[in-house]
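Written out below as structure tokens is the structure these notes cover.
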Amino acid sequence: GAVVSQHPSWVICKSGTSVKIECRSLDFQATTMFWYRQFPKQSLMLMATSNEGSKATYEQGVEKDKFLINHASLTLSTLTVTSAHPEDSSFYICSARELLYEQYFGPGTRLTVT
Amino acid sequence: AQSVTQPDIHITVSEGASLELRCNYSYGATPYLFWYVQSPGQGLQLLLKYFSGDTLVQGIKGFEAEFKRSQSSFNLRKPSVHWSDAAEYFCAVVISGGYNKLIFGAGTRLAVHP
């Protein structure tokens, strides 16, 4: 149980285009989902907290207009990287929370912007 | 401010040797602590967690961790390491209140020599 999926697992896009990443909780309902960014050989940095039916809460320094987050249902949250640039290339990981404190993580999406 | 420190960036052990990965936290209240493992290019897998009760916590894959309040530590241990344990290990603490966010340490990269 408590499986989280992400799609796609790897995406390459051209600079200036937008790309959407999906995060799904497959066997539980998640009122809260989180989006993280991870640079090579570094830790996970929380980008934003996504709550179903409400606006996402972004961490300080994260551009909300560049990283659009939508949590349309209890099992789906999406992250859209708008007008992507090479510096947005990274590993993006989502998590979904079933219980009060425990998060389950997706396998991650590697974004490469050329 | 709440924080998690993993003092060892990189550790190398021989297969069959014992392992201890260090984690120290800075948090005023009772912490909710986690250890996650990340294999190359993968998302995070929960190894174990501590919420309350017995300070010695057993996890998956033969790992255990001990919560020591006096030392603000939650070190991860394994008596005999297998080559498949080579990965990145992250200690994390929940910052309670609001959305109960996870704060990660910088991670420790474990290499296992045959």
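The values are calculated or read from the model by the stated rules, or taken from the named source; none is laboratory data. Being a predicted model, the structure only gives us computed values, none of them experimental. Reconstructed Cβ throughout: ideal geometry from the backbone, glycine too, with neighbour counts over all protein chains shown.
Of the strands (runs of 3 or more DSSP E) entirely within the range A:1-62, those holding at least 1 residues that are without any contact (Cβ under 8 Å) to a residue 60 or more places away in the chain and farther than 25 Å from B:Val4 by Cα occupy A:19-25, A:44-51. Within the option set B:Thr12, B:Thr30, being farther than 27 Å from A:Gly108 by Cβ and more than 9 Å from chain A (Cβ to nearest Cβ) holds for one residue only, B:Thr30. When the residues of the range A:49-61 are filtered to those that are modelled with pLDDT of 90 or more and more than 10 Å from chain B (Cβ to nearest Cβ), the one that is surrounded by the most Cβ atoms within 10 Å (Cβ to Cβ) is A:Ala56.
Condition check: in contact with a strand residue (DSSP E or B) (Cβ under 7 Å, 6 or more places away or on another chain), closer than 12 Å to B:Pro31 by Cα and away from chain A (no Cβ under 14 Å). Does B:Phe74 satisfy that? In short, yes.
A quick yes/no check of all residues on (1) in a loop (DSSP other than H, G, I, E, B); (2) in contact with a Ser or Thr (Cβ under 9 Å, 6 or more places away or on another chain); (3) of a type in the set (Gly, Ala, Ser); (4) at pLDDT 95 or above:
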| residue | (1), (2), (3), (4) |
| --- | --- |
| B:Leu47 | no, no, no, yes |
| B:Ser52 | yes, yes, yes, no |
| B:Val57 | no, no, no, yes |
| B:Glu66 | no, yes, no, yes |
| B:Phe90 | no, yes, no, yes |
| B:Val94 | no, no, no, no |
| B:Gly98 | yes, yes, yes, no |
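Exactly one residue out of A:Arg97, A:Arg110 is within 12 Å of chain B (Cβ to nearest Cβ), touching a residue at least 40 places away in the same chain (Cβ under 8 Å) and within 22 Å of A:Ser18 (Cα to Cα): that is A:Arg110. With respect to B:Ser84, is the statement that it is more than 14 Å from chain A (Cβ to nearest Cβ) and exposed (fewer than 12 other Cβ atoms within 10 Å of the Cβ) true? In short, yes. Using the structure shown, decide if A:Leu46 is more than 14 Å from every other protein chain (Cβ to nearest Cβ) and under 12 Å from the mean Cα position of the chain (by Cα). Spelling it out, it is not the case that A:Leu46 is more than 14 Å from every other protein chain (Cβ to nearest Cβ) and under 12 Å from the mean Cα position of the chain (by Cα). On the basis of being crowded, with 17+ Cβ neighbours inside 10 Å and either more than 14 Å from the chain's Cα centre (by Cα) or within 10 Å of chain A (Cβ to nearest Cβ) (or both), does B:Val37 make the cut? Here the answer is no, as B:Val37 does not meet what is asked.
Within the range A:71-90, the set of residues being surrounded by 17 or more Cβ atoms within 10 Å (Cβ to Cβ), in a loop (DSSP other than H, G, I, E, B) and among the β-branched types (Val, Ile, Thr) comprises just one member, A:Thr75.
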